[in-house]
Amino acid sequence: MSYMTPKSSIYISHNSVFLSKKTEMAKCNCYITLLLPFYLLSCAPFLSLAQINLPLKAVNLGNWLIVEGWLQPSLFDEIPVNKDLLDGTQVQLLSTKLNKYLSPENGGGTIVVANRSSASGWETFRLWRITESSFKLRVFNKQFVGLENQGQGNTIVAVSTNPEGDSETFEILRNSDNPNRVQFKASNGHFLQAQTETVVTADYDGSGWEDDNPSVFQMKILNDKYLKGEFQLTNGYGPDKAPQVMQNHWNTYITEEDFSFMSNNGLNAVRIPVGWWIKSDTPPKPYVGGSLQALDNAFTWAEKYGMKVIVDLHAVQSSQNGYEHSSTRDGYQEWGESNVQETVDVIDFLASRYAKNPSLAAIELMNEPLAPGVNLDTLKKFYSAGYDAVRKYTSTAYVIFSNRLSADATELLSFASAFDRVVIDVHYYNLYTDLFTNMNAQQNIDFIYNQRSSDLGTLNSDNGPLTFVGEWTCAWNANGASMQDYQNFAKAQVDVYGRATFGWAYWSYKRAESNPDTQNPWSLRWMIENNYINLKGD
């Protein structure tokens, strides 16, 4: 008995411990059961992102939240005065008296002369529109034309890099019968004149438009260099009219009906270009606040129709490529080391706003940086910081690095492999180089199946970043192409770019005001509606 008692006591003691542990486990299970629904609800956005179905079939909503005038030229029609002299317009100025072109000596940094028999880069000036009739003239080396000694003298020079100075502002007066016959009134109230080939001053007070008037110049506008981006549009309309123009554009260019159409026709994602000013309700002039609400609407519609959103920072401050779709003011690419943090701040803003949205697929840190102007080391520094900014808010959204234009397409592969859930974006157009100028339809199609397939294969790897053909189109230079040719060209690209591990995005969803009697391959909606492309079965 004495032996059994301790044994029984031990057994009872162990059983009590067992029962106690069992009770605690039951309590834990109860707590877990109660808390699990709340946990799942709080994590729902992240679970949705983790379950994204790749590869994506997307389309770019170009010309919506960043204006690209070539897609909708009528946006610029109501600019009231000098709508052919918008920011970045390039002009050459021929003295009617001397029959010689104005030029900053050595491209800028010293005096302006009038001794050139023909015009090229040095003889070309880029306009900055200050008011409807007053402008600054930027020269080849990026200085501004103005009066010497900060406005204290009359000699015309191109030495200032400060765009804020009054002595670098000129009023352009245009002849009513020939608007390209012009005079320039300087800030001192006198007209600029070409006295001799080496003496250009602002001290003329005469009148008349005769050829022998030293203040008269024939202005040649370089129409092939014309910029029609968001800066040109909003600065052209001015602060009173631009907000109305932009709000109407955002409200009508893309609507919920478009998301319904896209979803019903085989697309499951949109890539939405945005500009750096989207983060501010009152951005620096001439930009207009309000595009953020349109982007919010896009997320709402995407969720309703089961689509994903790629937010693409298409335009960064100081311009990463000098193209109008980067909202450059005058065509110069000036983004660099000093712009890194302000660009990261935009990414931080976008990530913080949309990280928990179930429709967010990815944030693209920058569209089409141009080599060699954008230094590779600086770009990597930005991409690393931008990646960290996104990861502050989400571990599941993809981060997209755009390849530099005019650079080796593989230059980011090793760098990108060090990050998680990263994508390399490449853009494939059978345009813009002499290689495609004389290709017929079948040669273009063969190029897709052979060269583009090889190019993409070089980027795809098991352990590297995902790949994304972020822009492609069925526009080409194949004259006389038939409907069947377009269908074959579209199919070739869908077949090949469908091997990109993240997916592809067509450029663009729509192109307004195209000729109704011709093909409109820049508009995916037109291509679908007219049976040039079918994505439902792909």
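Between segment 462-482 and segment 72-100, what is the C-alpha centre distance in whole Å? Value for the Cα centre distance between the two parts: 35 Å. Rounded to the nearest 10 degrees, the angle from helix 4-50 to the longest Cα principal axis of the chain is 20 degrees. Per residue, the average separation of C-alpha pairs within less than 8 Å and at least 6 apart gives segment 227-310 a relative contact order of 38 percent. Take the Cβ atoms of Val81 and Lys225, set R0 to 25 Å, and the FRET efficiency comes out at 0.75. Rounded to the nearest 10 degrees, the angle from helix 291-304 to the longest Cα principal axis of the chain is 40 degrees.
With the cut-off at 25 Å, tell me which of the pairs Lys304/Lys380; Lys97/Lys142; Lys136/Lys285; Lys510/Lys536; Lys285/Lys510; Lys279/Lys308 have Cα atoms farther apart than that. Pairs exceeding 25 Å: Lys304/Lys380; Lys97/Lys142; Lys285/Lys510.
The calculated FRET efficiency for the pair Trp209 and Ser133, based on their C-beta separation and a Förster distance of 22 Å, comes to about 0.80.
Taking θ as phi - 60° and the Karplus parameters 6.51, -1.76 and 1.60, the scalar couplings of segment 185-199 work out to 9, 7, 5, 7, x, 9, 8, 5, 9, 9, 5, 9, 5, 10, 10 Hz in sequence order, x denoting glycine and proline. In this structure, the amide hydrogen of Thr201, modeled 1.01 Å from its nitrogen in the peptide plane, lies closer than 5 angstrom to those of Ile156, Gln193, Gln195, counting only residues at least 5 positions away or on a different chain.
From the square roots a ≥ b ≥ c of the eigenvalues of the alpha-carbon gyration tensor of segment 54-173, which class results: rounded (a/c under 1.5), prolate (a/b over b/c), or oblate? Prolate, since a/c reaches 1.5 and a/b exceeds b/c. Our summary gives segment 161-207 a relative contact order of 25 percent, counting only alpha carbon pairs under 8 angstrom and 6 or more residues apart. Rolled with a 1.4 Å probe across the full set of protein chains, the surface gives Arg511 an accessible area near 80 Å². Counting only DSSP beta bridges with both residues in the chain, the antiparallel share comes to about 55 percent. With q set to 0.18 Å⁻¹, the log10 of I(q)/I(0) for segment 213-322, from the Debye formula over equal scatterers at the Cα positions, is -1.00. When only alpha carbons are used to place a centre, segment 347-386 and segment 400-441 end up 16 Å from one another. Only Cα pairs under 8 Å and 6+ residues apart enter the sum, and on that basis the relative contact order of the chain stands at 15 percent. Here is how the number arises for the chain: DSSP H runs of 4 or more residues each give -39500 (n - 2.57), the sum is divided by the residue count, and the result at 222 nm is -10000 deg cm²/dmol. Evaluated at q = 0.16, 0.20 Å⁻¹, a Debye calculation over the C-alpha positions of segment 294-358 (equal weights, vacuum) places log10 I(q)/I(0) at -0.65, -0.84. Express the Stokes-Einstein translational diffusion coefficient of segment 99-144 in µm² s⁻¹, to the nearest whole number, given a Kirkwood radius over alpha-carbon pairs, 4 °C and a viscosity of 1.567 mPa s. D = 118 µm²/s.
Bridging of Lys356 to aspartates and glutamates at a Cα separation below 16 Å is possible for Asp296, Glu303, Asp348, once same-chain residues fewer than 8 apart are set aside. Counting only protein heavy atoms and a 1.4 Å probe, segment 141-288 has 45 square angstrom of accessible area per residue.
Solvent-accessible surface of segment 390-538, taken per residue with a 1.4 Å probe and all protein chains present: 44 Å².
Derived scalar couplings between HN and Hα for segment 261-270 equal 4, 4, 4, 6, 10, x, 8, 10, 7, 10 Hz in order, rounded to whole Hz, by the Karplus curve 6.51 cos²θ - 1.76 cosθ + 1.60 (θ = phi - 60°), x for Gly and Pro. Backbone phi angles across segment 419-434, fed through the Karplus curve with coefficients 6.51, -1.76 and 1.60 (θ = phi - 60°), yield HN-Hα couplings of 10, 9, 6, 10, 10, 9, 9, 10, 10, 10, 10, 8, 8, 6, 10, 4 Hz in residue order; Gly and Pro are listed as x.
Out of every Cα pair in segment 386-538, what percent are spaced more than 28 Å from each other? Value for segment 386-538 (Cα pairs over 28 Å): 26 percent. Packing, taken as the mean count of other beta carbons within 10 Å per residue, orders the peptides 469-475, 268-274, 207-213, 224-230 from highest to lowest as 268-274, 469-475, 224-230, 207-213.
Could you check how much of the accessible area of the chain is carbon and sulfur, as a whole percent, using a 1.4 Å probe? With neighbouring chains kept in place, the figure for the chain is 49 percent.
Please list, by residue number, everything in segment 191-230 whose backbone N is under 16 Å from a paramagnetic label point 7 Å out along Cα→Cβ of Ser117. Correct set: 197. A simple spin-label model places the labels of Asp296 and Gln487 4.5 nm from each other, with each point 7 Å out along Cα-to-Cβ. Against the chain, whose longest principal axis comes from its Cα atoms, helix 376-391 is set at around 40 degrees.
For q = 0.14, 0.20, 0.22 Å⁻¹, what log10 I(q)/I(0) does segment 121-224 give under the Debye formula with an equal point scatterer on each alpha carbon and no solvent? For segment 121-224 at q = 0.14, 0.20, 0.22 Å⁻¹, log10 I(q)/I(0) is -0.51, -1.10, -1.33. Of the residues Leu192, Gly121, Pro286, the one whose Cα sits farthest toward the positive end of the charge dipole of the chain, with +1 on the Cβ of Lys and Arg and -1 on the Cβ of Asp and Glu, is Pro286. The convex hull drawn around the Cα atoms of segment 340-412, when projected onto a plane and averaged over every direction, covers 4.7 nm².
Three principal axis extents describe the C-alpha atoms of segment 267-389; from largest down they are 41, 31, 25 Å.
The values are calculated or read from the model by the stated rules, or taken from the named source; none is laboratory data. Not measured: the values here are computed from a predicted model. Positions of Cβ are generated from backbone atoms using ideal geometry, with glycine treated the same way; all protein chains shown enter the neighbour counts. These area figures cover heavy atoms from the full protein model, side chains too; ligands, DNA and RNA do not enter into them. Shrake-Rupley method; radii C 1.70, N 1.55, O 1.52, S 1.80 Å.
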